[in-house]
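One structure is given here, and the rest of the page talks about it.
A short reminder: the numbers here are calculations on the coordinates, not readings from a lab. Every value quoted in this text rests on a predicted model; they were computed, and no experiment measured them. With ideal geometry, Cβ positions are generated from the backbone for all residues, glycine too; neighbour counts draw on all protein chains shown.
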Amino acid sequence: MSNYRIQGATGEWEVVIGLEVHAQITSASKLFSGADTTFGAEPNTQVSLIDAAMPGMLPVPNAECIRQAVRTGMAIEAEINTYSRFDRKNYFYADLPQGYQISQLYHPIVGEGQLLIEKDEKAGIPEDKIIGIERIHVEQDAGKLMHDQHPTMSYVDLNRCGVALMEIVSKPDMTSPAEAGAYVRKLRSILRYVGSCDGNMEQGSMRADVNVSVRKVGSTELGTRTETKNVNSVRFVMAVIESEVRRQVDLIEDGGEVVQETRLYDPDKNETRSMRSKEDAHDYRYFPDPDLLPVNLEDSFLAECRASLPELPDAKRTRYIEELGLSEYNAAVLTVEVETFARFETLLGITAKHLGKPESEIATTVANWSMSTAPGVVKSLGDEANLEYATAEAQAAILGMQGAGDISGSQAKEIYEIVLKTGREPAEIAETEGLKQLSDTGAIETEIDKILEANQDKVEQYKAGKDKLFGFFVGQTMKAMQGKANPQVVNELLKGKLG
Amino acid sequence: MTNLTDLGVAAIRNGVANGDFTAREVAEAFNANVAAAKELNAFIVTTPEKALEAADAVDADRAAGKELGSMAGVPIGMKDLFATKGVQTTAASHILEGFTPEYESTVSSNLWAAGAGMLGKLNLDQFAMGSSNETSYFGNVTSPWRRPDGANTPMSPGGSSGGSSTAVSARLAPAATGTDTGGSIRQPAAFTGITGIKPTYGRCSRWGVVAFASSLDQAGPMAHDVRDCAIMLGAMAGFDPKDATSLDLPVPDWEAALNSDLKGKKVGIPREYRMDGTDPEILQSWDNGIAWLKDAGAEVVDISLPHTKYALPAYYIIAPAEASSNLARYDGVRYGLRDLPEGAGLQDMYAATRAEGFGDEVKRRILIGTYVLSAGFYDAYYTQAQKIRTLVAQDFENAFKECDVILAPTTPTASFGLGEKSADPLGMYLNDVFAVPASLAGLPAMSVPCGVNSEGLPLGLQIVGKAFDEQGVMNAGLAIEERAGFTAKPEKWW
């Protein structure tokens with residue numbers, strides 16, 4: 001249970017949150033037409049006759065969108081409905097040419113599922129928590145009105161009209177802004193793993209309707225909720241909840257009543273305002289779309305969907321900890337984003353091959369490199385770094401040399417700097433620039449002998465028990481070797497000679 | 001020389017193929033008849049040049065020894081519900097007046113590909129809503145038929161495909177397309193003494209056909225006889241990936257398989273269709289039909305379709321419900337009529353445009369449809385109606401365990417005078433009482449002329465078949481046609 005409480009004049013309040021996330025399905029064409037879905041095209045250049053609702057035009061379902069919704073459902077361990085159906089939601093608006101949105105009210109394609117949000121004490125999530133998901137249904141997006149193009153007229157861009165969305169409806173299981181934020185982040189991570197939505201909230205390919213109600217701590221009844229529409233970042237989702245909770249508590253404590261209504265969030269003022277109340281809510285007159293047959297999913301299709309699912313975030317994190325021996329922190333950071341784990345896994349694979357060692361043995365080194373060393377070098381170089389040179393091959397070559405003891409950690413960094421600036425081969429750099437550590441026992445032994453000869457007194461003192469002097473001999477040797485000797489070899493040789 | 005405009009599809013196709021006459025001669029003859037029949041108001045737009053263009057292409061193909069299509073050289077009328085590229089398409093409404101599509105409906109494309117040409121766009125009830133052709137924004141179509149009482153009362157050609165029925169019956173076209181949602185091919189065919197078939201739902205693509213009620217709308221041919229219908233339906237039908245409800249089945253060669261020998265076939269006679277108060281002349285024509293089918297070798301069996309009386313009320317919930325949503329796209333934003341009063345906002349524009357652009361019958365059905373779908377009424381009306389629809393379909397399934405086709409009257413009355421029923425919408429709706437059950441069940445159904453009543457007006461008999469069995473329907477239709485010997489023609493008065 002979250003410990004998020006709101007201190008009111010009459011006592012403590014808690015919040016109940018449910019989210020409806022609209023996620024644009026990644027697909028080349030729209031849900032019911034062949035029109036392109038690329039973001040940012042010139043207005044009205046991606047509009048088919050169907051999207052414009054010309055007389056006699058008919059929708060034909062895009063199988064890829066169905067497939068992506070099913071895969072998403074599987075990724076949240078949801079029940080997949082082998083029978084689903086499309087319904088029409090009827091209302092008039094200029095961005096909705098058909099006069100109805102094709103959606104799924106009565107028989108959604110995905111039923112109940114769940115996702116896990118991880119404990120994050122700093123953020124106020126004391127333990128792992130399962131958030132229930134009510135359903136996922138597939139529907140058409142609307143077009144876009146542009147009010148800033150003409151002093152007295154509004155323009156309509158239908159490029160987005162008919163693009164496939166999944167509406168992912170959570171249960172009212174969240175009890176703090178932090179949980180809601182974690183839920184959206186986790187959901188986005190899963191969608192990106194699955195590849196069913198790019199999760200890009202700035203471009204609007206993922207947005208949330210935030211349902212909020214408050215109640216006195218200890219009460220089991222739900223308060224009246226408000227729904228704040230189209231919130232387009234994790235930060236705003238959390239801000240909406242904070243502001244809405246405050247508003248509702250103040251309202252009730254001042255003797256007022258929360259009205260069930262739709263609200264809009266104004267990020268500049270950080271407040272929500274009323275859009276329309278339940279009284280003037282539309283009667284959408286939902287009914288099954290007679291242009292479309294029910295969607296019946298066959299076992300072979302479901303099997304194909306399941307087989308195509310990648311390893312998902314929770315499983316990957318567990319594997320990183322249990323099989324690769326990574327710390328919880330490293331595992332968590334590496335598994336959030338697809339790009340991050342993909343980079344890590346590629347590098348780990350190539351490096352292990354270079355060294356002929358099992359991945360588990362070098363995973364921590366590679367994780368540290370890709371989470372901290374490599375980004376550090378990139379950052380310090382700033383504009384000088386050419387990221388095209390930051391190939392997995394080059395980095396694996398460096399990690400391989402380091403793992404073999406040919407170069408030191410600081411040499412690895414230096415070599416990587418040169419790689420990023422010039423694109424030269426790491427091995428060639430190490431050779432040419434003298435960035436190698438010596439493991440040649442003969443050369444080191446010669447130097448050690450000289451040093452011991454010149455410091456007879458210290459040798460005596462060491463042998464008499466002054467152990468600390470060992471560091472002195474190491475330092476002298478490294479200095480004589482101009483820092484290029486392999487410290488491990490130096491240590492071993494010194495130990496042998498000093499007895 | 002043969003009067004070319006007396007010929008039907010098969011005769012024209014064969015004559016052109018044999019070189020008895022050219023396609024151009026045929027097109028010119030029908031163009032002339034069309035031009036001389038303005039009084040009937042069967043066409044909203046005439047396209048004589050299109051008819052000639054298609055005819056010339058056929059003549060050229062023949063001269064070049066190319067294989068000719070199944071409709072080669074046949075000029076037809078196109079119901080103005082089918083989108084035709086570059087030719088105004090209105091659904092007989094003000095709201096689409098002046099709308100010229102950039103696309104061609106699948107059915108009309110198929111017909112042009114088979115060698116047919118277009119004489120023009122045929123008048124109809126507005127958005128195909130009506131049974132008398134009195135709801136068109138472009139004025140009613142007048143039937144070429146008249147009662148021989150000397151009163152010259154203008155008669156209804158039926159609806160909604162009244163332009164089609166008039167054009168074929170008055171020899172303005174050898175055949176025409178129709179669409180049938182709850183009888184709109186069969187009833188006008190019966191009223192004008194022609195033949196028309198509504199195929200199984202999904203046989204003809206709905207792509208590019210202005211929608212009335214999507215789950216019921218089905219295109220079909222209207223022509224002089226069964227053979228012509230078989231030829232034309234073969235050209236119209238076929239799987240279309242652009243229509244999600246299209247049937248993915250091969251199109252049989254119906255014409256080649258026509259066979260009026262019904263030995264071994266069973267014909268069901270639904271007892272519930274023998275309703276109280278039905279015109280005795282209609283009942284007599286039904287009895288004649290039964291006798292003819294027996295004569296053709298069929299066994300006649302009594303069957304029951306117990307939910308028949310609920311079919312019409314259910315239809316008048318489902319069809320308006322779908323229509324209320326299908327017609328939402330006519331909003332003045334992108335095409336067609338826009339009424340933007342001074343200082344009006346979006347909602348005002350919607351209201352003004354739709355008030356101005358839709359006729360009374362269309363508004364009535366939008367209101368009914370909106371009402372039955374609204375919160376609190378949905379379950380009581382729409383859900384109940386869907387249950388009835390399922391029961392009606394089950395009635396047919398059960399009946400077809402005992403018979404191969406069903407014989408019934410097409411309509412409860414013969415044609416009536418224009419204006420005689422327009423003040424009584426419910427009375428008008430009753431016209432579809434025999435036609436609607438097959439529509440709800442999506443089954444193929446045909447009307448063939450079977451004689452004239454005591455007023456000299458044509459009557460039709462309806463044959464309903466199993467899903468996908470257009471052949472069985474047409475074979476029974478052919479058996480009636482051969483025995484009815486229907487040769488009556490309207491006297492030319494226009």
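Annotations
- 20 Å binning of all Cα-Cα separations within the protein assembly as shown, expressed as whole percents from 0 upward: 12, 32, 25, 17, 8, 4, 1, 0
- Segment A:ARG5..A:ALA332, full-extension length gain: 115.0 nm, with 0.36 nm per residue of separation and the alpha-carbon distance subtracted.
- Placed amide H near B:ILE303: partners under 5 Å, 5+ positions off or other chain: B:ILE269, B:ARG271
- Kirkwood-type hydrodynamic radius, the range B:341-412: 16.3 Å, calculated from all non-identical alpha-carbon pairs.
- Residue order, fewest to most surrounding Cβ atoms within 10 angstrom, among A:ASP254, A:ASP141, B:ASP469: A:ASP254, B:ASP469, A:ASP141
- Contact order for the range A:6-301, expressed relative to its length and based on alpha carbon pairs under 8 Å spaced 6+ residues apart, stands at 24 percent.
- Selection from B:THR370, B:PRO458, B:CYS403 lying farthest towards where the dipole of the range B:352-469 points positive, charges on Cβ: B:THR370
- Theoretical FRET efficiency, 1/(1+(r/R0)^6), r = Cβ-Cβ of A:ARG246 and B:GLN384, R0 45 Å, to 0.05: 0.40
- Cα centroid separation, the range A:230-252 to the range A:378-448 (Å): 51
- Sequence-distant contacts, meaning Cα pairs under 8 Å at least 6 residues apart, place the relative contact order of the range A:441-498 at 43 percent.
- Euclidean distance between Cα centres, the range B:402-445 to the range B:14-93, Å: 31
- The A:GLU311 and B:LEU391 beta-carbon pair, evaluated with R₀ = 60 Å, returns a calculated FRET efficiency of approximately 0.75.
- HN-Hα J in Hz across the range B:150-159 - Karplus 6.51, -1.76, 1.60, θ = phi - 60°, x for Gly and Pro: x, 7, 6, 4, x, 9, 7, x, x, x
- The alpha carbon convex hull volume per residue for the range A:441-498 rounds to 65 Å³.
- Residue mean of other protein chain beta carbons inside 10 Å, A:153-160: 1
- Fewest-first ordering of B:VAL433, A:VAL333 by other beta carbons within 10 Å of each residue's beta carbon gives A:VAL333, B:VAL433.
- For chain A, size of Cβ-based charge dipole, Lys and Arg +1, Asp and Glu -1, in debye: 620
- Hull shadow area, averaged, the range B:185-287 [alpha-carbon convex hull, nm²]: 8.8
- Average Cα contact separation per residue, chain B, under 8 Å, 6 or more apart, as relative contact order %: 18
- Neighbourhood charge, 15 Å Cβ-Cβ cut-off, centred on B:PHE400 and excluding it, Lys, Arg +1 and Asp, Glu -1: -4
- Cα point-scatterer Debye curve for the range A:313-432, base-10 log of I(q)/I(0) at q = 0.17, 0.20, 0.22 Å⁻¹: -0.81, -1.09, -1.26
- Directionally averaged shadow of chain A, computed from the convex hull of its alpha-carbon atoms, nm²: 33.8
- Rounded to 0.05, the FRET efficiency of the A:ALA28 and B:LYS401 pair, given R0 = 30 Å and the Cβ-Cβ distance, is 0.05.
- Proxy reagent accessibility, fewest Cβ within 10 Å first, across B:GLU134, A:GLU322, A:GLU42: A:GLU42, A:GLU322, B:GLU134
- Modelled this way, with points 7 Å down the Cα-to-C-beta line, the labels at A:LEU387 and A:GLU77 are 3.5 nm from one another.
- Dipole in debye (nearest 20) - the protein assembly as shown, about Cα centre, beta carbon charges: Lys, Arg +1; Asp, Glu -1: 360
- Across all directions, the shadow cast by the convex hull of the range A:6-301 built on its C-alpha atoms averages 17.2 square nanometres.
- Among the GluC sites (Glu not before Pro) within the range B:339-373, those in coil by DSSP and having at most 11 neighbouring Cβ atoms inside 10 Å are B:GLU342.
- Shape analysis of the range B:25-159 places it in the oblate category; the axes a ≥ b ≥ c from the Cα gyration tensor give an a/c of at least 1.5, with a/b not above b/c.
- Evaluating 6.51 cos²θ - 1.76 cosθ + 1.60 at θ = phi - 60° for every residue in the range B:68-84, the Karplus couplings come out as 9, x, 5, 10, 4, x, 9, x, 10, x, 10, 3, 6, 9, 8, 5, 10 Hz, glycine and proline recorded as x.
- Annotation for the range A:85-187: chymotrypsin sites (Phe, Trp or Tyr not before Pro) lying in DSSP loop with at most 15 further Cβ atoms inside 10 Å of their Cβ are A:TYR91, A:TYR106.
- Inter-label distance for A:ALA281 and A:GLU202, nm, one decimal - labels placed 7 Å from Cα along Cα-to-Cβ: 3.6
- Global geometry of chain B, whether rounded, prolate or oblate, following the gyration tensor of its Cα atoms and the 1.5 cut on a/c: rounded
- For A:ILE125, the residues whose amide H sits under 5 Å from its own are A:ASP120, ignoring neighbours fewer than 5 places away on the same chain, with H placed 1.01 Å from N.
- The amide H of A:GLU271, built 1.01 Å from its N in the peptide plane, has A:ASP266 as neighbours under 5 Å, considering only residues 5 or more places off or on other chains.
- Across the range B:402-414, rounded Karplus estimates of 3J(HN,Hα) from the backbone phi angles (6.51 cos²θ - 1.76 cosθ + 1.60, θ = phi - 60°) give 10, 8, 9, 9, 10, 10, 7, x, 7, 9, x, 9, 7 Hz, Gly and Pro being marked x.
- Between the listed residues B:VAL74, B:GLN187, B:LEU119, the Cα displaced farthest toward the positive end of the dipole of chain B, a dipole computed from Cβ unit charges relative to the Cα centre, is found at B:GLN187.
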